[in-house]
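Take a look at the structure set out below.
None of the figures in this text is laboratory data; all of them are computed from the coordinates on show. Just so it is clear, the model here is predicted, and its values are computed rather than measured. Cβ: placed from backbone, ideal geometry, glycine included. Neighbour counts: every protein chain shown.
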Amino acid sequence: MIDALVIGAGPAGLMATEMLADAGHSVVIADAKPSVGRKFLMAGKSGLNVTKSEDADAFLKAYNDASDWLKPSIEAFDNKEVITWSETLGQDTFVGSTRRVFPKTMKSSPLLRAWLLRLANKGVQFKTRWRWTGWSENTFTFETPDGPETITPKATVLALGGASWAKLGSDGAWTKLLAERGIETAPFEPSNMGVTVEWSNFMEPHFGKPLKNVAMSVGTVTRKGECVVSKSGLEGSLTYHFSSGFRAGELLHLDLLPDQNVETLQSKINAQSTKTSFANVLRKALKLDAAKSALVMEFARSTPRAALARAVKSLPIPYTGTAPIDLAISVAGGVRQADLTNDFMLKTAPGTFCAGEMLDWEAPTGGYLITACLATSRAAGVAAADYIKAQT
């Protein structure tokens, strides 16, 4: 009999697996895809951001309403512990200009290879192309290349991800299996996504152009950063901080010159000749680049000069919705806190624990996502190991 089963072989599943193996338990980790860690590898293509270097209070605030829930697991495996973990796998890290922490290789593949080797050396059995299809009590059934397989472990950790980037394995299909046991999950919604804007043809030359050093306001929240004008709308790191506001349809405004006040800008505008064209006022007086000027032309072309500075400082962007969930970096929704014990065990399924992005929390990019996935799965893995020990 196998001691422990882990379903889902992303970073959350791998961390839970390691905790169980370190406790001396035999572990099978199953994944529906032909190889493990697919979304993790995709995330590393643009530079693997493993955590963020900031104090504990600021770090926890990134999780908003879920900060109290996640606090114990993150305190036990915080941003400093993530750095140590990376280094034990031979991947030294550095802190970037925005305090984000990256492996020096900037890639996820060397870290993943080292991690898989370490787990294999601890006796972990990997089962790929094993799709979870059902469960009864503590027995789990899989569809495999060799036909149906059944495992009855002493404890199980579910680390099945959310519902974005389904082709990489996170398709959210597991919610139906939990529903069969009476566990209703919070509906999935896109998080860390862009917004859709119905541009005129005038904006086409500016698709792909960055909007640097702008301040975005959504509802009552304002944040500086940068985003990108895309064919579908606006996207990028700055938009990711406003996921919940976008889902609620709160108004979006851009301050295109956040380091200058209205009075200074308006005096520069007033100094221009009345014969100066609107476009040249934006370029000569305000020094707006082509993409920023295009936004003003798109949404505030008819603004009187006497009000132009205020328009540039608070330009309304009439977005029509959010990017679809499968194009979002992550999701909100999943297994609710109320259905779990403090150590992430399902209250109605003793011995089955949940971890990672399948839990109902969200956070912006910047190292917060991967840290919470690792921290919650570490906590679930430790708790599952303790559960096995107690049963024995």
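Taking Lys287 as the anchor, which lysines have their alpha carbon closer than 17 Å to its alpha carbon, excluding any fewer than eight residues away along the same chain?
In chain and number order, the partners are Lys209, Lys212, Lys268, Lys313.
Of Met345, Met42, Met358, which is the most mobile in a GNM of the chain whose springs link Cα atoms less than 10 angstrom apart?
Of Met345, Met42, Met358, the Gaussian network model singles out Met42 as fluctuating most.
Quick one: grab Rg to one decimal and Dmax as a whole number for the range 188-249, Cα atoms only, in Å.
11.7, 35
Let me spell out the model: positive unit charges on the Cβ of Lys and Arg, negative unit charges on the Cβ of Asp and Glu, origin at the Cα centre of the chain. What dipole size does that give, in debye rounded to 20?
Dipole magnitude for the chain comes out near 1660 debye.
Can you list the HN-Hα couplings for the range 252-267, worked out from phi with the Karplus curve (6.51, -1.76, 1.60; θ = phi - 60°), rounded to whole Hz and with x for Gly and Pro?
Rounded to whole hertz, the list is 10, 10, 10, 9, 7, 9, x, 8, 10, 8, 4, 4, 5, 5, 5, 5.
Taking Lys167 as the anchor, which lysines have their alpha carbon closer than 24 Å to its alpha carbon, excluding any fewer than eight residues away along the same chain?
By straight Cα distance, Lys167 reaches Lys33, Lys39, Lys45, Lys107, Lys127, Lys176, Lys231.
Does the range 195-322 come out rounded, prolate or oblate by the C-alpha gyration tensor, with a ≥ b ≥ c the root eigenvalues, rounded set by a/c under 1.5 and, if not, prolate when a/b is larger than b/c and oblate if not? Show your work: numbers first, answer last.
On the way: a/c = 2.02, a/b = 1.55, b/c = 1.30.
Prolate is the answer for the range 195-322, as a/c is 1.5 or above and a/b outweighs b/c.
Rounded, prolate or oblate for the range 245-392? Axes are the square roots of the Cα gyration tensor eigenvalues, ordered a ≥ b ≥ c, and the cut-off for rounded is a/c under 1.5.
Since a/c reaches 1.5 and a/b is larger than b/c, the shape of the range 245-392 is classed as prolate.
Counting other C-beta atoms within 10 Å, and keeping those with at most 13, which DSSP coil GluC sites (Glu not before Pro) do you find in the range 189-241?
Values: sites: Glu198, Glu226, Glu235; in loops: Glu198.
Of the GluC sites (Glu not before Pro), the ones in loops of the range 189-241 whose Cβ has at most 13 other Cβ atoms within 10 Å are Glu198.
Expressed as a whole number of Å, what is the distance separating the alpha-carbon centroids of the range 1-33 and the range 103-165?
Rounded to whole Å, the Cα centres lie 6 Å apart.
Is the C-alpha gyration tensor of the range 98-213 telling us rounded, prolate or oblate? Criteria: a/c under 1.5 is rounded; beyond that, a/b larger than b/c is prolate, otherwise oblate.
Judged from the Cα gyration tensor, the range 98-213 comes out oblate (a/c at least 1.5, b/c at or above a/b).
Under a GNM of the chain (C-alpha, springs under 10 Å), which listed residue has the highest mean-square fluctuation: Ala155, Ala349, Ala380?
It is Ala349.
So if each residue of separation counts as 0.36 nm, and I subtract the Cα-Cα distance between Ala120 and Ser35, what length gain in nm does that give?
In short, 29.2 nm is gained.
Report the antiparallel proportion of the DSSP beta bridges in the chain as a percent, rounded to a multiple of 5.
Values: 40 of 56 bridges.
About 70 percent, rounded to the nearest 5.
Taking the convex hull of the alpha carbon atoms in the chain, what volume per residue do you get, in Å³?
So the per-residue hull volume is 143 Å³.
Where does the charge balance sit around Lys275 when Lys and Arg score +1, Asp and Glu -1, over other residues with C-beta under 14 Å from its C-beta?
+2
Roughly how many whole Å is it from the C-alpha centroid of the range 196-267 to that of the range 41-80?
Cα centres, the range 196-267 to the range 41-80: 25 Å.
Out of residues 5 or more away from Leu211 or on other chains, whose amide H comes under 5 Å of its own, with H placed 1.01 Å from N in the peptide plane?
Cys227, Val228, Val229
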